[in-house]
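**Q** Here you go, one structure.
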Amino acid sequence: MNAQRAHSSEFRLLAMPLVLFLLVFLGFPAIVNLIYSVSDVSFETLRQPKITGLSNFAAVWNDRAFWQASWFSLRFGALTALLECALGLILAIFLSPLIERRSWLMAILMLPLMVAPALVGLMYRLVLHEFAGPVPYYLWAWFGTSVSFLGPTSAFWTLIVVETLQWTPFALLLFYMAYRAIPTEIVEASAMDGARRWHLLWYIELPLMAPTIVVALLIRFIDGFRVFDNVYVLTGSGPGGSTASLSIYIYEAFFKQGAIGKAVAASVILFAVSFAVLYGLNFIASRRKGALT
Amino acid sequence: MINALRWLVFAIAAFAMNFPILVTLVTSFKSTRELSTNPGLWVQAPTLDNYLAVFQVSDRLNIFLYLFNSITVAFIGTTLAVVLALPAAYAIARGRLGERTLLPFIVNLRAVPLIIFAIPLYMMFQWLALLDTRLGLGLILSIVNLPLALVILVNAIRDLPGELDEAALMDGASRTQILLRVIAPVCRPAIVTSLIFGFITAWNEFLFGLMLTTSKAVPITVGASFFFAASGGGVQWGVASAVMVVGALPPVLLGLIMYRQISGSMTAGAVKG
């Protein structure tokens, strides 16, 4: 009994460095966030914030740009997640006989995942450039016309394509692993029962892959929702703030406008919503796991 | 027949997904003169001039510094994450400590938009004189790396048989001794995987590099964007391409060599996360 207690306190000691580190580098900032969000604060009065109530939150709430950025993030996250997972699923299943025999093919498909999204964004500045870029060049050569890819009408869709092309490999990889993990006995047994290829896919294989598909959609939505790097280097937030994600909105409020109170209040809102959603999802996941066992 | 179709689909997918990388690679070998006449996907007269220009140090641009900064901050961010995560992972897996609090919190951290901590961290770093230092950026990158490192290590330790600990406990070893002498050596593959993964993530990070550094500690992802604003006469696309190739090369090489470990841990982090 005594030994056991000694062990539990030693375990506590082992976890302590991580906990302290998080308290300093996340706990303290979270408190600063909370205090500043209800204060009148500028770069001159950083150390003596005056508590003023909820005026910062009101400023964010009444800011059209905040809602525009929220709408952008939601749409961007949802559309890219759907596109990436649909493409990734089709490719994973269709290409799996090839990749099974030659695993280096997967390495080629995974290559975009290794490159910094910021660099990929910069690369597209070259790819889409009206004089130096190959895409406009070939469009002119073959069709006699080109598109202003980062102009007001197409910037959003250009960004969707950029994000989708870089992260489809992630979904592809996940789905390929899940597809390979389906026990061959199940597939063979249903083939013996005379199941057609499409039926097999629809009634056996896809349902078995459903948990992975949900997880992939979720991860890709989250990463699309909080997007910063590639959008920031490609369009900034333009044209006219139309491509500002919430991350870019907060960044610009702080660094470009010096509106500390607004930036911090928006951070607190995002913080509360993110953790509420994430813990909600954890709760649902653990409930369902409990129901299964 | 269907196999030929599979190869075709593979070729199109690989080409489309790697397109920006291909274009950048091709452009980096074009001379300034060729660039103005030939934006296509081939090179008439390959040259290394752009790479020579990239490695030319000037008052404004210093690629050696950016690369050195990236290596240093990635090193700090990766090792610190593993050093913090390993004992905690042991306590979680064996002591069942914080399984319902600490672990889910850190796993959720992977999904939170990190910008929400960025502004107070910026102020805190100003007070602590950590702005524009490699140490400061490295510390933050370790937070970015923590969730995946912890998940990988907790899973690895949970997969170990409990008898391993029991035997050492019988011999009168303390938990810390067991962690260092028994668990850590057996978990070496998982530790290596989290180090590789962390290094790639840290090298490719952009947001905190942009906010927390200005000149002395600028990492390559941010430094590369400086080349796009270089010199009055618009972007020099050849030089800019060469910078991007250099900046992307380390994680890409690491990824190509270790893609098996990486694909494994990516799915682990995804499924358990």
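Nothing in this text is a laboratory measurement; each read-out follows from the coordinates by a stated rule. Only a predicted model underlies this, so the values are computations on that prediction, with no experimental measurement involved. FYI the Cβ positions are ideal-geometry reconstructions off the backbone, even for glycines, and counts take in every protein chain you see.
**Q** I'd like to verify a number: residues in segment B:48-85 that are touching a Phe, Trp or Tyr at 6+ places or on another chain (Cβ under 7 Å) and among the acidic types (Asp, Glu), how many?
**A** Residues in segment B:48-85 being touching a Phe, Trp or Tyr at 6+ places or on another chain (Cβ under 7 Å) and among the acidic types (Asp, Glu): 0 in total.
**Q** May I pose another question? Just wondering, is there one or more residues in segment A:6-19 that are hydroxyl-bearing (Ser, Thr, Tyr), facing chain B (nearest Cβ under 9 Å) and surrounded by fewer than 20 Cβ atoms within 10 Å (Cβ to Cβ)?
**A** yes
**Q** Restricting attention to segment B:92-116, report how many residues are of a type in the set (A, V, I, L, M, F, W, C) and without any contact (Cβ under 8 Å) to a residue 12 or more places away in the chain.
**A** Residues flagged as of a type in the set (A, V, I, L, M, F, W, C) and without any contact (Cβ under 8 Å) to a residue 12 or more places away in the chain within segment B:92-116 amount to 4.
**Q** Restricting to segment A:175-221, and then to whatever is charged (D, E, K, R) and part of a loop (DSSP other than H, G, I, E, B), can you tell me which residue is nearest to the other protein chains (Cβ to nearest Cβ)? Full working, then the answer.
**A** Here is the first cut: in segment A:175-221, the ones charged (D, E, K, R) are A:180, A:185, A:188, A:193, A:196-197, A:205, A:220.
From what's left, part of a loop (DSSP other than H, G, I, E, B): A:193, A:196.
Numbers: A:ASP193: 23, A:ARG196: 16 Å.
If we take residues in segment A:175-221 being charged (D, E, K, R) and part of a loop (DSSP other than H, G, I, E, B), then A:ARG196 is nearest to the other protein chains (Cβ to nearest Cβ).
**Q** Are there any helices (runs of 4 or more DSSP H) wholly within segment A:53-153 with 3 or more residues that are facing another protein chain (nearest Cβ under 10 Å) and either of a type outside the set (Asp, Glu) or within 27 Å of A:VAL264 (Cβ to Cβ) (or both), and if so which? Give the derivation first.
**A** Working: elements: A:55-61, A:64-101, A:104-114, A:117-127, A:134-143.
Filter on segment A:53-153 gives A:64-101, A:104-114, A:117-127, A:134-143.
**Q** Also, quick follow-up: So A:ALA285 ticks every box in (1) buried (at least 18 other Cβ atoms within 10 Å of the Cβ); (2) in a helix (DSSP H, G or I) but one. Which box is left unticked?
**A** Single failed check for A:ALA285: (1).
**Q** In the set B:GLU166, B:GLU205, which member is charged (D, E, K, R) and either within 14 Å of the chain's Cα centre (by Cα) or away from every other protein chain (no Cβ under 13 Å) (or both)?
**A** Only one candidate passes the filter, namely B:GLU205.
**Q** Considering only residues that are on the phi > 0 side of the Ramachandran plot and surrounded by 18 or more Cβ atoms within 10 Å (Cβ to Cβ), which ones fall in segment A:204-245?
**A** Across segment A:204-245, there are no qualifying residues.
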